[in-house]
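J.: Got a structure for you, questions after.
Please treat every number below as a calculation from the coordinates, not as lab data. Everything numeric here is computed off the predicted structure, so don't read it as measured data. A quick note on method: Cβ atoms are made from the backbone with ideal geometry, for glycine too, and the neighbour counts reach across all protein chains shown.
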Amino acid sequence: MPKIAEIEPTPNPNAMKFILREPLTWGITRSYDDAEEARDDPLASKLFAIEHVTNVFYVDHWITVTQDGSADWQELMRKLAVPIRDALAADEQSAQLAQQAATGSVENLSDAERARLDRINEILDEQVRPYLQGDGGDLYVLGLEGNQLMVHYQGACGSCPSSISGTLAGVENLVRQIEPDIEVVAV
């Protein structure tokens, strides 16, 4: 059962980041925009059962919860803390699933496409994701089709206005250093 070490605001005023002492997952990102998407995830389902919750995003030692903007954060955080503390910490199965996810996402790519995607992910890992994760969000690469890179913002970044404008342009400019003709599309 994860203990909450800290609770931090994010740049998105409607999202709060809970930093945990034990991991919920080992490298497996969970992101849900509604209760229906979260139906098979016990923690996310319990969080969506709390009024005003609109997004749940978690990975490793932190979880970001976004609200609709009409709840009092102090009251809402007390309610959110209960299912977070009751959640199961990461286990060996999570580590195996992380390994499967890492290899499964590139199965249908050619060697050349896989090399391109590896270079792109490397630059994102080094220069983008640490900052997004520090603010309670993340960026997930959904796919690479020709010169179009499809990405999905998660957590606090998923509903933050600057993600779709400034951050997306910054990501595209960064990736263009290694792929000059690429277009980055947020999905």
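J.: Multiply the residue separation of Glu75 and Asp40 by 0.36 nm, subtract the distance between their alpha-carbon atoms, and state the gained length in nm to one decimal.
T.: 10.0 nm
J.: If you place +1 on the Cβ of every Lys and Arg, -1 on the Cβ of every Asp and Glu, and leave all else neutral, what size is the dipole of the chain about its Cα centre, to the nearest 20 Debye?
T.: Value, rounded to 20: 480 debye.
J.: Using unit Cβ charges (K, R positive; D, E negative) and no other charged atoms, how large, in debye to the nearest 20, is the dipole of the range 106-186 about its Cα centre?
T.: Taking the Cα centre of the range 106-186 as origin, the dipole is about 200 debye.
J.: Now for a different question. On the first, second and third principal axes, largest extent first, how far apart are the outermost C-alpha atoms of the chain in Å?
T.: 49, 36, 28
J.: Which residues make up the longest stretch of the chain clear of GluC sites (Glu not before Pro) that lie in a DSSP loop with no more than 12 other Cβ atoms within 10 Å, not counting the sites?
T.: Between the exposed loop sites, the longest stretch runs 108-187.
J.: From the P(r) of the range 4-96, can you give the percent of Cα pairs sitting at distances over 20 Å?
T.: 28 percent
J.: Could you pull out which residues in the range 165-187 have an amide N less than 12 Å from a spot 7 Å beyond the Cα of Asp118, following the Cα-Cβ vector?
T.: Output list for this probe position: empty.
J.: Specify the longest stretch of the chain that does not include any exposed loop site, a site being one of the trypsin sites (Lys or Arg not before Pro) with a non-H, G, I, E, B DSSP assignment and at most 14 other Cβ atoms within 10 Å.
T.: Here the longest run is 40-175.
J.: Report, to the nearest 10°, how far helix 73-86 tilts away from the longest principal axis of the Cα atoms in the chain, using its own Cα long axis and a range of 0 to 90°.
T.: With rounding to tens, the tilt is 80 degrees.
J.: For Cα pairs less than 8 Å apart in space and 6+ apart in sequence, what is the mean separation divided by the residue count of the chain, i.e. the relative contact order in percent? Don't jump to the answer; show the numbers that get you there.
T.: Working: 310 pairs, mean separation 40.2, N = 187.
Once divided by the residue count of the chain, the mean separation gives 22 percent.
J.: Another one. Tell me what the chain gives for mean residue ellipticity at 222 nm when only DSSP H runs of n ≥ 4 count, each as -39,500 (n - 2.57), the sum divided by the residue total, rounded to 500 deg cm²/dmol.
T.: Details: 6 runs with 65 residues, N = 187.
Helix-only estimate at 222 nm: -10500 deg cm²/dmol.
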